[in-house]
Each structure stands twice: as C-alpha cells, then as structure tokens.
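Participant: Here it is, the structure in full.
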Amino acid sequence: MEDLFAALTADLAAWVEACTGAPVAPEAFRLPREEGQLSLGPFVRGGAAEAARKLNGALCPQVREVRARNGWLLFFLSDAWFDGLITWARGLDTRPAGSYLENRMAMLARKGDGPCPKAEPVRRALWRAYLAYRRGFWRAADERLVLTMTHGQTGMDRIALENRCGGAAAAILKLRGKV
C-alpha cells in the first residue's frame with residue numbers, strides 16, 4: 001500500500017525548502033487543530049507571513065493555499081489532491097461493520113460519485129478518515145468530524161452539500177472498513 005502521507009510530506013518539504021530556502025524534514029509537518037490539513041512551524045526563517053507569501057506564489061499541485069497563523073504555516077490541500085484521495089480509497093478492499101457512522105456514509109455515498117466538495121468540514125472529515133485509516137484506529141473526534149461534516153449548513157444548503165458528498169462519503173466508508 002502506498003503511504004500517501006509520507007509521499008505528501010516529502011513533496012511538501014522539498015517544495016517549502018525550494019521556495020523559502022529553509023530546510024524542512026517531512027517529519028516536521030503536524031496536524032493542525034482547527035484549520036487546514038497540515039501545519040509547519042514555528043517558522044522562523046524570514047517569518048511565517050513571508051514564507052506563506054512565497055509559497056502561495058509558487059505552484060504545488062497538492063496545495064491550494066498556505067496561511068500564516070501565530071508563526072505557523074497552515075497548508076490547505078488542493079481539489080486535485082482530495083479527488084486523488086477519493087480515487088485511491090475506492091481501490092481499497094475493505095468492508096465496514098455497519099455502525100451508525102457507516103450507515104450514514106453509505107446513505108450519502110448513494111448521492112453519486114462526484115469530486116470532493118469544496119466545503120472545509122467535508123475535506124477535514126475526509127482527511128481525518130484517511131489519517132485514522134493510516135494509523136489503524138479511529139478516535140472519537142474523527143468520528144464526530146465525519147458525522148457532522150454537513151452540519152454547518154442548514155435547510156436547502158445542507159441538502160445541496162449532502163448531494164455533492166457521494167464521492168467523499170464512499171471514500172470515508174472504504175477508509176473506515178480497515179478498522
């Protein structure tokens with residue numbers, strides 16, 4: 001099995017070093033608590049704001065945006081990266097057990113096989129599902145994120161978002177099946 005996380009952090013470390021001149025080890029990337037998918041810091045060389053400006057001005061297919069926050073760099077992964085994660089997860093040979101979370105994802109998966117919605121809560125849920133798959137177990141916080149990934153919307157906006165979650169839900173369901 002390809003380790004997407006190791007490949008991603010190795011590529012990002014090389015990209016950050018090429019753009020900023022600061023050597024970065026792939027192991028230096030962390031999981032932020034609230035925003036983005038990865039963080040790096042505290043980033044001292046030239047300052048995080050300057051590094052974010054340089055990184056946002058350089059092309060990286062895995063990253064949509066880099067933000068500076070309290071000396072840290074926050075990385076938001078691209079549409080293409082999330083769509084690739086959905087494609088990769090579809091190829092897994094896993095079978096979930098049938099919990100409420102899995103039943104909800106199965107229901108959403110019936111909505112169609114589209115790309116990952118551009119909604120941050122859905123992306124965060126898909127990212128955390130991949131990380132749970134990678135480490136071999138789910139935390140309660142991972143399950144909460146997945147179960148509430150459309151709760152930020154109300155009424156017809158929520159229904160519209162759920163109608164676009166088929167591909168992400170199917171991928172989460174496959175990722176859930178390992179554990």
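Participant: Hey, among 27, 2, 34, which residue is of a type outside the set (Val, Ile, Thr), surrounded by fewer than 12 Cβ atoms within 10 Å (Cβ to Cβ), within 26 Å of residue 175 (Cα to Cα) and modelled with pLDDT of 90 or more?
Facilitator: Values: 2 fails: modelled with pLDDT of 90 or more; 34 fails: modelled with pLDDT of 90 or more.
Going through 27, 2, 34 in turn, the sole match is 27.
Participant: OK, next. Within region 79-91, restricting attention to residues that are surrounded by 15 or more Cβ atoms within 10 Å (Cβ to Cβ) and in contact with a Pro (Cβ under 8 Å, 6 or more places away or on another chain), which residue is nearest to residue 174 (Cα to Cα)? Full working, then the answer.
Facilitator: Step one: filter region 79-91 for residues surrounded by 15 or more Cβ atoms within 10 Å (Cβ to Cβ), giving 81-86, 88-89.
Next, only the ones that are in contact with a Pro (Cβ under 8 Å, 6 or more places away or on another chain) stay: 81-83, 86.
Working: 81: 17, 82: 15, 83: 15, 86: 9 Å.
Looking at the filtered set, the residue picked out is 86.
Participant: To continue, here is another question. Considering every residue within region 71-90, establish whether at least one is assigned to a loop (DSSP other than H, G, I, E, B), of a type outside the set (Val, Ile, Thr), at pLDDT below 95 and farther than 25 Å from residue 15 by Cα.
Facilitator: Checking region 71-90: not a single residue is assigned to a loop (DSSP other than H, G, I, E, B), of a type outside the set (Val, Ile, Thr), at pLDDT below 95 and farther than 25 Å from residue 15 by Cα.
Participant: Continuing with this model, one more query. Please state which one of 62, 37 is of a type in the set (S, T, N, Q), in contact with a Ser or Thr (Cβ under 9 Å, 6 or more places away or on another chain) and not assigned by TED's automatic domain parsing to the domain that holds residue 114.
Facilitator: Exactly one of 62, 37 is of a type in the set (S, T, N, Q), in contact with a Ser or Thr (Cβ under 9 Å, 6 or more places away or on another chain) and not assigned by TED's automatic domain parsing to the domain that holds residue 114, namely 62.
Participant: Related question: Output the residues belonging to region 148-179 that are in contact (Cβ under 8 Å) with a residue 24 or more places away in the chain, within 12 Å of residue 108 (Cβ to Cβ) and either in a helix (DSSP H, G or I) or among the hydroxyl-bearing types (Ser, Thr, Tyr) (or both).
Facilitator: Of everything in region 148-179, those that are in contact (Cβ under 8 Å) with a residue 24 or more places away in the chain, within 12 Å of residue 108 (Cβ to Cβ) and either in a helix (DSSP H, G or I) or among the hydroxyl-bearing types (Ser, Thr, Tyr) (or both) turn out to be 150, 161, 162, 163, 166, 167, 168, 169, 170, 171, 172, 173.
Participant: Can you find a residue in region 89-108 that is of a type in the set (D, E, K, R) and touching a Phe, Trp or Tyr at 6+ places or on another chain (Cβ under 7 Å)?
Facilitator: Checked region 89-108: no residue is of a type in the set (D, E, K, R) and touching a Phe, Trp or Tyr at 6+ places or on another chain (Cβ under 7 Å).
Participant: Continuing with the same structure: Would it be correct to say that residue 40 is within 21 Å of residue 131 (Cα to Cα), in contact with a strand residue (DSSP E or B) (Cβ under 9 Å, 6 or more places away or on another chain), surrounded by fewer than 20 Cβ atoms within 10 Å (Cβ to Cβ) and modelled with pLDDT under 95?
Facilitator: In short, no.
Participant: Just checking, how many residues over region 113-130 are surrounded by fewer than 17 Cβ atoms within 10 Å (Cβ to Cβ) and either out of contact with any Gly (no Cβ under 9 Å at 6 or more places or on another chain) or part of a helix (DSSP H, G or I) (or both)?
Facilitator: 2
Yes or no, residue by residue, for (1) hydrophobic (A, V, I, L, M, F, W, C); (2) part of a loop (DSSP other than H, G, I, E, B); (3) more than 30 Å from residue 173 (Cβ to Cβ); (4) without any contact (Cβ under 8 Å) to a residue 40 or more places away in the chain:
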| site | (1), (2), (3), (4) |
| --- | --- |
| 15 | yes, no, yes, no |
| 22 | yes, yes, yes, yes |
| 51 | yes, no, yes, yes |
| 54 | no, no, yes, yes |
| 67 | no, no, yes, yes |
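Participant: Is at least one residue of region 89-101 over 18 Å from the mean Cα position of the chain (by Cα), small (Gly, Ala, Ser) and farther than 27 Å from residue 162 by Cβ?
Facilitator: no
The values are calculated or read from the model by the stated rules, or taken from the named source; none is laboratory data. Bear in mind that the values here come from a model prediction, so they are computed numbers and not experimental data. Glycine gets a Cβ as well: all are built from the backbone with ideal geometry, and neighbour counts include every protein chain shown.
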